[in-house]
2 protein chains.
Amino acid sequence: MYQASVPVIKKMLTNLSAILGKGKAYAQAKGFDGVNLVQSRLIADMFALGVQIQIATDMSKGGLARLAGIEPPKFENDETTIPQLQARIAKTIEFMDSIRAEQIDGCEAREIKFAIRDNQFEFTGQAYLLEWVLPNVFFHITTAYNLLRQNGVDIGKRDFLG
Amino acid sequence: MYQASVPVIKKMLTNLSAILGKGKAYAQAKGFDGVNLVQSRLIADMFALGVQIQIATDMSKGGLARLAGIEPPKFENDETTIPQLQARIAKTIEFMDSIRAEQIDGCEAREIKFAIRDNQFEFTGQAYLLEWVLPNVFFHITTAYNLLRQNGVDIGKRDFLG
């Protein structure tokens with residue numbers, strides 16, 4: 001469970017931070033404000049890049065904390081720039097590094113229950129990781145990648161995979 | 001290894017097929033050809049929706065076949081419509097259903113080697129699944145979702161997660 005969670009998500013978040021760095025450099029080279037990238041959306045009723053990264057990190061720290069049976073750190077969701085988003089990713093990775101393998105290993109069958117608005121969710125630990133945490137983390141990181149890619153940032157799938 | 005691969009990917013591909021169905025219905029309701037969705041891109045130098053789905057299914061059948069030590073079926077990459085893409089997904093799932101758990105379980109340490117153009121890749125079975133197959137499958141399915149979402153199809157993350 002640990003091998004299928006912490007190192008996998010840490011690698012993806014590390015790649016995400018590097019991709020954001022390329023976005024920042026692109027904005028500088030083109031002479032526009034990187035904040036424009038943070039506020040970019042694929043369509044008006046989807047979350048902007050900044051929120052995609054807030055959710056990707058929330059899913060990472062919240063999901064792993066729930067698997068480990070501990071409390072995740074709380075962040076303020078006040079990031080408006082690329083360096084602030086990268087700092088949020090770094091804080092998330094710092095928290096993940098504090099989780100020991102034995103806190104997560106063996107939680108396959110643990111009952112995981114939570115509610116989002118009116119929806120009740122019930123998972124085993126394993127299903128929670130494989131059908132909730134990982135798909136959500138990959139979803140928001142890929143969407144962040146797609147937003148930067150669509151805006152012309154010179155990144156490829158190699159950057160996504162690391 | 002089986003639990004972290006076949007059922008996870010099967011669920012995501014099943015959701016993808018349903019999302020494509022919503023795309024087809026949307027095109028019909030709006031009175032345009034669904035092929036326009038298949039040919040849509042986030043930006044001119046990215047793959048179109050149809051290719052995203054070809055790669056998502058190739059990664060699924062190829063990755064799982066490599067883990068199981070068997071040959072995957074070959075598809076012609078000649079799909080041009082949404083129903084043809086859904087048929088490709090169905091054929092991929094049919095192949096996945098033919099893989100027994102004992103063919104994949106226990107392959108954590110198996111050496112996996114392959115080349116893409118000039119790049120040589122070497123993984124253990126576990127790293128291949130967690131750092132290559134799953135990220136690639138999620139990447140292309142999320143990108144397909146984003147393409148349909150950006151084109152106005154009424155889908156949400158609930159459709160992606162299933």
> Of B:24/B:61; B:10/B:91; B:11/B:61; A:11/B:61; B:11/B:91; A:11/A:91, which ones are farther than 18 Å apart at the Cα?
Replying inline: B:24/B:61; A:11/B:61
> Build a GNM of chain A with springs between Cα atoms under 10 Å: which of A:61, A:91, A:113 gets the top mean-square fluctuation?
Replying inline: A:113
>> Just to confirm my numbers, what's the Cα centroid distance between the range B:5-43 and the range A:69-86 in Å?
In response: 33 Å
> Once phi is turned into θ = phi - 60°, what whole-Hz ³J(HN,Hα) does the Karplus curve with 6.51, -1.76 and 1.60 give for every residue of the range B:56-72, x standing for Gly and Pro?
Replying inline: 4, 6, 4, 4, 5, 6, x, x, 5, 5, 5, 5, 7, x, 10, 8, x
> With charges only on Cβ, +1 for K and R and -1 for D and E, what is the dipole size of the range A:6-161 about its Cα centre, in debye, rounded to 20?
Replying inline: 500 debye
>> Over chain B, what is the relative contact order in percent, taking alpha-carbon pairs closer than 8 angstrom and at least six residues apart?
In response: 37 percent
> Which whole-Hz ³J(HN,Hα) couplings does the range A:107-114 yield from phi under the Karplus relation 6.51 cos²θ - 1.76 cosθ + 1.60, θ = phi - 60°, glycine and proline marked x?
Replying inline: 9, 3, 9, 4, 7, 10, 10, 7
> Considering amide H positions built from the backbone, and no H for Pro or chain starts, which residues 5 or more places from residue B:110, or on another chain, come under 5 Å of its amide H?
Replying inline: B:125, B:126
> Gap in Å between the Cα centre of the range A:145-162 and the Cα centre of the range B:105-136?
Replying inline: 22 Å
>> Pairwise over distinct Cα atoms, reciprocal of the mean inverse distance: report the Kirkwood radius of the protein assembly as shown in Å, one decimal place.
In response: 20.4 Å
>> Per-residue Cβ counts within 10 Å, from other chains only, averaged over B:127-137: what number is that?
In response: 4
> What list of ³J(HN,Hα) couplings, whole Hz, do you get for the range B:81-88 from phi and the Karplus terms 6.51, -1.76, 1.60, once you set θ to phi - 60° and write x for glycine and proline?
Replying inline: 10, 4, x, 5, 5, 5, 5, 4
>> No solvent, one uniform scatterer per C-alpha: report log10 I(q)/I(0) for chain A via the Debye equation at q = 0.10, 0.15 1/Å, two decimals.
In response: -0.37, -0.80
> Which lysines, on any chain, are close to residue B:30 with Cα under 21 Å apart, when same-chain ones fewer than 8 places away are left out?
Replying inline: B:22
> What is the sum of charges around residue B:73, taking Lys and Arg as +1, Asp and Glu as -1, for the other residues whose C-beta is under 15 Å from the C-beta of residue B:73?
Replying inline: -2
> For a paramagnetic label modelled at 7 Å from the Cα of residue B:70 toward its Cβ, which residues of the range B:86-115 fall within the zone defined by backbone nitrogen distances under 18 Å?
Replying inline: B:89-108
> What is the sum of charges around residue B:88, taking Lys and Arg as +1, Asp and Glu as -1, for the other residues whose C-beta is under 14 Å from the C-beta of residue B:88?
Replying inline: -2
> For chain A, what does -39500 (n - 2.57) per DSSP helix run (n ≥ 4), summed and divided by total residues, give at 222 nm, in deg cm²/dmol to the nearest 500?
Replying inline: -18000 deg cm²/dmol
> Check residue A:105: other-chain or 5+ apart residues with amide H under 5 Å from its amide H, H built from backbone geometry?
Replying inline: A:2
> What is the list of residues in the range A:41-73 whose amide nitrogen lies under 15 Å from a point 7 angstrom out from the Cα of residue A:102, following Cα to Cβ?
Replying inline: none
> Residues of the range A:126-162 with amide nitrogen under 19 Å from the 7 Å Cα-to-Cβ point of residue B:45?
Replying inline: A:145-162
> For chain A, modelled as a GNM with alpha-carbon contacts under 10 angstrom, which of A:60, A:40, A:98 fluctuates the most?
Replying inline: A:98
>> Can you tally the net charge around residue B:35? Count Lys and Arg as +1, Asp and Glu as -1, for every other residue whose Cβ sits under 11 Å from the Cβ of residue B:35.
In response: -1
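Every read-out reported here was derived from the displayed coordinates using simple, explicitly stated rules and does not represent laboratory data. Quick caveat: nothing in here was measured; it's all calculated off a predicted structure. FYI the Cβ positions are ideal-geometry reconstructions off the backbone, even for glycines, and counts take in every protein chain you see.
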